[in-house]
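K.L.:
Take this structure first; my questions come after.
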Amino acid sequence: MKIDPGQRSLFSANGPNAADLHDSRDRGREFCFFAQGDGLGRADLAERFLESLRIPEGPRAGQPVTLAPFQRQFVQGALADGIAQAVLSIGRGNAKTALSAGVALGALVGAFDRQARREILIAARTRDQARIAWDFVAGFCPSLPLEIQRRLIFRRAPRLEIEFEGDGGGHILRALAADGKSALGSAPTLVLMDERGHWQADKGDELKAALLSGLGKRGGRGLIISTSAADDAHPFSRWIDDPVPGSYVQEHRPAPGLPADDRDSLIIANPGALHGIGADLDWLEAQARRAIARGGSSLTTFRLYNRNERVSGESRDMLLSVDEWMACETADPPPRAGSVIIGIDLGGSASMSAASFYWPDTGRLEAFGTFPSMPTLLDRGQADGVARRYEEMQERGELTTLGDRTVPVAPWLVQVMAHVADQPIAAITADRYKQAELGEAMQRAGIRAPVVWRGQGFRDGGEDAERFRRAAFDGRIKASPSLLLRSAFADTVCLRDPANNIKIAKARSTGRIDAAAATVLAVAEGARQTARPVQKAKLSWL
């Protein structure tokens, strides 16, 4: 093996001893014939190669690699015939990078691929992130037979590379940062995209396009691995939800809405915990309880990385975190009692219109939304990056369709009033930006009720958002489980001005926060009405 300066640490005192190398050489005699037949397929050859390696670091360093069932499943799926891209989504610490790095090393030395001048690329968000996978590859190299090790050349500058001179020579493994220009002109036989769910949007898409187009030149394969992205619209989520032909997808993500310390769902997101890979279940449960106690960003970060859920890790600017909203949901909501306040968010010409109904006396909250019937809910969900979510909302009775290309305002308001036909209405509150359009529609629909017009800027919007938050934290909002509201609040963030005033906005361009905006209006008006002192009747003497 040729070693560049600084690479000698690979053979430190913690590395394999002479007996280990001798054992590795014996296993290597079989390894040298892996790709030459004996009736095994590519995935079986890759499994045999991976289990000929030794763990390079951690508490079990030096022990032979033993693949867990979920790892065998991924190797078999990723290297099956006809597969061009393989996607793995799993919680942090389940050795997804180490597993993929072992596959990359096998591709480099020809364990299951004998193409001439093989090119393996490791791509990540930054060079330091790509170096993690590169270091795993380098750490596995002392497990190889000596005759293979002698033909490896390591380079750390100007870029991270490992060259294999055997099997005809010219085989290279290279680490790249998420910059599309760095991959132009390449013709890789294997690509590893590490933590794809957290690449920068613009540069990440450029690099992905460059890598995947390069794979087509030589029939290469792409391994796309990551913890979950923050939302359904991210390209990594789209790979999972809407896989293209020739894709293999393996996702370890629990059902949404479960407690963070739920043991069964922790196992779903962290299958390695049952096989000595990464953190054990006791540690995960302890971290979950600590995250629940701290709340805020600690809890959302734990859900994103350790539970592999699609929640935003940037909880500082969210109106409510997923757990804060879940605390407002109940399977047994309070009754409709007292007067109701209706919050209206009138959508644009072709977007969602939403109405929320809030009873301040009991805290009961209801909401529904309406889309035009064209395009269909399925097509609209695909365009918005939420797959079948709109259809599911319709099946649950939370979303309706009305009109053709637009929602007619007056007929829609009739539906809104019919939802609470037997209830006294304390007020209707809406955005003053749509005052003329909504006022005209209310006259046509014959609606007679007090109307409160509110702005959506930092003045009115900031007050409404803070009153809504206070009501949520104080337990004065109780709603039945609602996919419409969950989805809306997951896409609702707060923008801040220099004076730290807030107003609500979309987290992504295709997000639908209409139901959240209507809810904020209704709850804030309810908070104002209940805060006003009850005026007693004045006595007058005749």
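A short reminder: the numbers here are calculations on the coordinates, not readings from a lab. Values in this document were obtained by computation on a predicted structure and should not be read as measured data. Positions of Cβ are generated from backbone atoms using ideal geometry, with glycine treated the same way; all protein chains shown enter the neighbour counts.
K.L.:
Using the alpha carbons of the chain, what is the convex hull volume per residue in cubic angstrom, as a whole number?
P.N.:
Hull volume normalised by residue count: 185 Å³.
K.L.:
Ok, one more. Quote to one decimal, in nm, the extra length available between residue 374 and residue 153 on full extension: 0.36 nm per residue of separation minus the C-alpha distance between them.
P.N.:
This chain segment gains 73.6 nm when fully extended.
K.L.:
Between the helical axis of 96-109 and the dominant principal axis of the chain, each derived from Cα atoms, what acute angle in degrees is found, rounded to the nearest 10?
P.N.:
Taking Cα atoms only, the helix is inclined about 30 degrees.
K.L.:
Which trypsin sites (Lys or Arg not before Pro) does region 323-392 hold that lie in a coil by DSSP with at most 16 other beta carbons within 10 Å?
P.N.:
336, 388
K.L.:
Restricting to DSSP H runs of at least four residues, report the calculated mean residue ellipticity at 222 nm for the chain, -39500 (n - 2.57) per run over all residues, nearest 500 deg cm²/dmol.
P.N.:
-11000 deg cm²/dmol
K.L.:
Restricting to bridges with both residues inside the chain, how much of the DSSP beta-bridge set is antiparallel, in percent to the nearest 5?
P.N.:
Around 40 percent antiparallel, to the nearest 5.
K.L.:
Moving to a separate point now. Which whole-Hz ³J(HN,Hα) couplings does region 482-497 yield from phi under the Karplus relation 6.51 cos²θ - 1.76 cosθ + 1.60, θ = phi - 60°, glycine and proline marked x?
P.N.:
9, 5, 4, 6, 4, 5, 5, 6, 5, 9, 9, 10, 10, 9, 10, 8
K.L.:
Under a cut-off of 14 Å between alpha-carbon atoms, report the aspartates and glutamates in cross-link reach of residue 217, not counting same-chain residues fewer than 8 places apart.
P.N.:
Cα-Cα hits under 14 Å: 119.
K.L.:
Past 28 Å, Cα to Cα, is the threshold; run 96/506; 434/506; 96/208 against it and keep the listed order.
P.N.:
Those over the limit are 96/506.
K.L.:
Helix 201-218 against the longest principal axis of the chain: what's the angle in degrees, Cα atoms only, rounded to the nearest 10?
P.N.:
40 degrees
K.L.:
Run the simple label-point estimate for residue 293 and residue 339 please: 7 Å along Cα→C-beta, distance reported in nm.
P.N.:
Output for this residue pair reads 4.5 nm.
K.L.:
Once fully extended, how much extra length lies between residue 433 and residue 402, figured as 0.36 nm per residue of separation less the alpha-carbon to alpha-carbon distance? Walk me through the numbers before you get to the answer.
P.N.:
Details: separation 31, 0.36 × 31 = 11.16 nm, distance 2.26 nm.
Gain on stretching residue 433 to residue 402: 8.9 nm.
K.L.:
Say each of residue 200 and residue 83 gets a label point 7 Å from the Cα, pointing the same way as Cα to Cβ; how far apart are those two points in nm?
P.N.:
Once both label points are built, they end up 3.2 nm from each other.
K.L.:
To make sure I understand, if each residue's beta carbon is the centre and we count other beta carbons within 10 Å, what order do 328, 494 fall in, fewest to most?
P.N.:
494, 328
K.L.:
Among 248, 305, 433, 390, which comes first, second and so on when ranked by fewest other beta-carbon atoms within 10 Å?
P.N.:
With the fewest neighbours first, 248, 305, 433, 390 line up as 433, 305, 248, 390.
K.L.:
With the contact rule set at Cα under 8 Å and sequence spacing of 6 or more, what percent relative contact order holds for the chain?
P.N.:
Value for the chain: 12 percent.
K.L.:
Return the FRET efficiency for the residue pair residue 249, residue 331: r is the Cβ-Cβ distance, R0 is 35 Å, and the value is rounded to the nearest 0.05.
P.N.:
0.60
K.L.:
For residue 474 and residue 114 in the same chain, what is the full-extension length gain: residue separation times 0.36 nm, less their Cα-Cα distance, in nm?
P.N.:
Details: separation 360, 0.36 × 360 = 129.60 nm, distance 6.47 nm.
Taking residue 474 through residue 114 to full extension adds about 123.1 nm, to one decimal.
K.L.:
Another question about this same structure. Helix 18-31 versus the longest principal axis of the chain: what is the Cα-based angle in degrees, 0 to 90, to the nearest 10?
P.N.:
The answer is roughly 80 degrees.
K.L.:
Counting only DSSP beta bridges with both residues in region 72-214, tell me the antiparallel percent, nearest 5.
P.N.:
45 percent
K.L.:
Sketch the reach of a paramagnetic label on residue 449 as a point 7 Å from Cα along Cα-to-Cβ, and name the residues of region 457-480 whose backbone nitrogen lies under 16 Å away.
P.N.:
Nothing falls inside the zone, counting backbone N under 16 Å.
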